[in-house]
Amino acid sequence: MRRPLRYSHKVTDKYDLFDGLPDDLVVFILSKLSSTASSPSDFINILLTCKRLNQLGLHRLVLSKVGAKVFAMKAKYWSEFAHRFLKHCVNAGNIDACYTLGMIRFYCLQNRGSGLALMAKAAMKSHAQALYSLAVIQFNGSGGSKRDKDLRAGVALCARASLLGHIDALRELGHCLQDGYGVRQNIAEGRRLLIQANARELAFVIRSVAQSSPASSFSWRNNRYNFQTDSVCPLLSDYGYNVAMPEVHPVNWFLREWFESDRVVLEEGLRLCAHMGCGRPETRPHEFRRCSVCGKVNYCSRGCQALDWKLRHKMECSPIQLLLQENGGGDAAAVGVGNGDGGAGMEDDVAAQNAAVE
Ligand SMILES: [Zn+2]
Ligand SMILES: [Zn+2]
């Protein structure tokens, strides 16, 4: 409802000029604010300010623009209200809400069909994270049996996500081409994509360094998780830099908190992806690949494996042979050749990843 402008008021009347703004202008301002809000409380505070802002803050246009950081709620605060808020945003056409609620439904609430449908909705609108998450589900046959793996679909989804600039998808695609996994083998092209993925990653790191002083180091999401690496990516630490790691989507934190909290106990034999910034759980035993060098950690994807390798696993991983004959019935990767520390260079890291992930 549009409010009439009342210019007749004088400043001396203690009249709040904001009250004079027409509703559609306030909705426009709120939609800008909601898209740039850096936390859920930024948006909630708007709703709590007054009746008018509460009403206009829930306007369809505002909800459609709400940014991903507004959905960065803690798993322990998950409630029917939070669920309803996400649904309102989905109904308003918010793509990130589709992806967030899709992931929560698929993995946390185990409502696989509805979760997939929501992620597909986001993917159809070119949401790179949704495309990549669907690829991970297809590669692993998540939510189904080993026979439900669809490698070709996984490759196609990765290809679309990588065109949108998703580095993990590009890396996954490179490995698929190198190995002939879900696509005809093309080692040279696979290698080219892997180099491209690392170049993009390096560009990200250089941008991060350029935006900060070398002496200072970014914490990874306010030290929410305390890495051995002092909460920073050690990628360029050999050159005196501690740099930020790629931003993790809030829903990945939500998943990890959800499955590490007391409210949920993962079924016997199911494990979480070992990369701290992932949070995806197995949906059946031995769904994820394990590190072929130590056999101690499991990953949902090569993207997670590559990042975790740089962040911490290369400092813990040591070759062992004792898992060679183990695990007859599972679909986890077999233990490969022993491969030591990948070294500090990126090229070496790639070589180590190639060997460590099959
Ligand atoms: Zn290992
Ligand atoms: Zn993962």
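Since every read-out is calculated from the coordinates, none of them should be taken as a lab result. From a predicted model like this one, the values you see are computed outputs, not experimental measurements. Ideal geometry is used to build each Cβ from the backbone, glycine not excepted, and the neighbour counts take in all protein chains shown.
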Would you compute, for the Cα atoms of segment 126-211, the largest minus smallest coordinate along each principal axis and list the three values in descending order, in whole Å? 47, 28, 18
5 angstrom amide H check on residue 280, placed H, neighbours 5+ away: 273
How much length would be gained if the chain were fully extended between residue 55 and residue 42, taking 0.36 nm per residue of separation minus their Cα-Cα distance, in nm to one decimal? 3.1 nm
Over the Cα atoms of segment 68-139, each weighted equally, I'd like the Debye log10 I(q)/I(0) at q = 0.15, 0.16, 0.17 Å⁻¹, rounded to two decimals. -0.43, -0.49, -0.56
Looking at segment 250-317, which GluC sites (Glu not before Pro) are DSSP coil and have at most 13 other C-beta atoms within 10 Å of their C-beta? 267, 268
Quick one: if the Förster radius is 51 Å, what FRET efficiency do residue 29 and residue 199 give, using the C-beta to C-beta distance and rounding to 0.05? 0.80
